[in-house]
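J.: Handing you this structure, nothing more for now.
The values are calculated or read from the model by the stated rules, or taken from the named source; none is laboratory data. For clarity, every value in this text was computed on a predicted model and none was experimentally measured. A quick note on method: Cβ atoms are made from the backbone with ideal geometry, for glycine too, and the neighbour counts reach across all protein chains shown. The accessibility values were calculated without ligands, DNA or RNA, using every heavy atom of the protein model including side chains. Shrake-Rupley method; radii C 1.70, N 1.55, O 1.52, S 1.80 Å.
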Amino acid sequence: MTPVIFLDFDGVLRSFYPSVPTLRDTEGRIIRMSYNPEAVACLNALTRASGAAIVVSSTWRAGGICKTRA
């Protein structure tokens with residue numbers, strides 16, 4: 001059975017890392033977001049070591065991820 005990580009982006013990958021601001025286009029769609037590089041590295045290591053799949057457990061699943069696409 002494949003391990004599963006239920007992931008909420010805000011507060012985990014986007015934990016107060018302001019050096020790369022979130023950019024939006026003229027219609028308010030997100031173009032680029034800031035992520036904490038240490039948190040992303042830990043998540044990458046965890047998924048590589050465990051073979052886990054990621055399930056988005058966040059309000060992002062309701063449309064936020066789609067809004068980040070151009």
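J.: Restricted to the stretch 26-46, and to residues that are open to solvent by less than 80 Å² (accessible area, probe 1.4 Å) and more than 14 Å from the chain's Cα centre (by Cα), which residue is modelled with the highest pLDDT? It would help to see each step written out before you state the result.
T.: Within the stretch 26-46, the subset open to solvent by less than 80 Å² (accessible area, probe 1.4 Å) is 28, 30, 33-34, 36-37, 39-41, 43-45.
Next cut, more than 14 Å from the chain's Cα centre (by Cα) only: 28, 45.
Details: G28: 76, A45: 95.
Checking each candidate, the answer is A45.
J.: Still on this structure, please answer the following. Could you list, ordered by first residue, the pairs with Cβ atoms under 7 Å in which the first is in the stretch 49-60 and assigned to a helix (DSSP H, G or I) and the second is open to solvent by 50 Å² or more (accessible area, probe 1.4 Å) and at pLDDT below 90, at least 6 apart or interchain?
T.: none
J.: For the stretch 6-20, enumerate the residues that are over 20 Å from A53 (Cβ atoms) and modelled with pLDDT of 65 or more. Walk me through it before giving the result.
T.: As a first pass, look at the stretch 6-20 and keep what is over 20 Å from A53 (Cβ atoms): 10-11, 14-20.
Across the stretch 6-20, the qualifying residues are D10, G11, R14.
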